[in-house]
Amino acid sequence: MSADAASPLSQAAGNLVVDLGLSLSYRHGFGDLSPFFKALLEGRALASRCPACGDVRYPPRLVCPRDGTATQWQALSGEGSLTAFTIGRCRLPLGQDERDHIFGEVAMDGASNRVFARIAAAAEQLQPGVRVRLAPPAAPPPPHPIQALIFIPI
Ligand SMILES: [Zn+2]
């Protein structure tokens, strides 16, 4: 058997190969983290707080990473300070086009950790220490709720 230019079959190192596409569509549930995603789509910051040690995480954890205690919800102001940022060209998951994005690390007011997120601003506006807040809800909403995790300068 031989493979011509119009055939999907080809030879690679003497072995017959074929390029196949795979598409998978399914419904993804957010379970007990749904309140976080709903709040994010509304432009609100909902963190987790450990009732045992007081650790506050954003994004939230259902169980405290320090002591394993089940956490509770705690609203944050949605404001914080940019600690670092970088610019990268990429296509976001479920996105259509590749373009430049600014990604940053934010120390949110009231949180014990830092959050990695997109920053919607001109790079010239940014430097470590700049105050930022969660962006208001986008219309239409992003293809995945976590893509609403965007900060803007205050
Ligand atoms: Zn704890």
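Going by what's in this entry, would residue 27 be described as open to solvent by 90 Å² or more (accessible area, probe 1.4 Å), assigned to a loop (DSSP other than H, G, I, E, B) and at pLDDT 95 or above? Criteria not met by residue 27. If only residues of region 35-55 that are surrounded by 16 or more Cβ atoms within 10 Å (Cβ to Cβ) and within 16 Å of the ligand (Cβ to nearest atom) are counted, the one that is nearest to residue 144 (Cα to Cα) is 47.
Output yes when any residue across region 82-99 is within 16 Å of the ligand (Cβ to nearest atom) and charged (D, E, K, R), and no when none is. No, because not a single residue in region 82-99 is within 16 Å of the ligand (Cβ to nearest atom) and charged (D, E, K, R). Would you check which residues across region 77-99 are within 17 Å of residue 125 (Cβ to Cβ) and either among the basic types (Lys, Arg) or open to solvent by 90 Å² or more (accessible area, probe 1.4 Å) (or both) and list them? Hit for region 77-99 is 87, nothing else.
If you go through region 118-133 and keep only what is touching an Asp or Glu at 6+ places or on another chain (Cβ under 8 Å) and within 19 Å of residue 37 (Cα to Cα), you end up with just 133.
Scanning region 110-137 for residues that are charged (D, E, K, R) and loosely packed, with under 15 Cβ neighbours inside 10 Å yields 124, 131.
The values are calculated or read from the model by the stated rules, or taken from the named source; none is laboratory data. Values in this document were obtained by computation on a predicted structure and should not be read as measured data. Virtual Cβ from ideal backbone geometry, glycine too; neighbours counted across all protein chains shown. Calculation scope for accessible area: heavy atoms of the full protein, side chains included, ligands and nucleic acids excluded. Shrake-Rupley method; radii C 1.70, N 1.55, O 1.52, S 1.80 Å.
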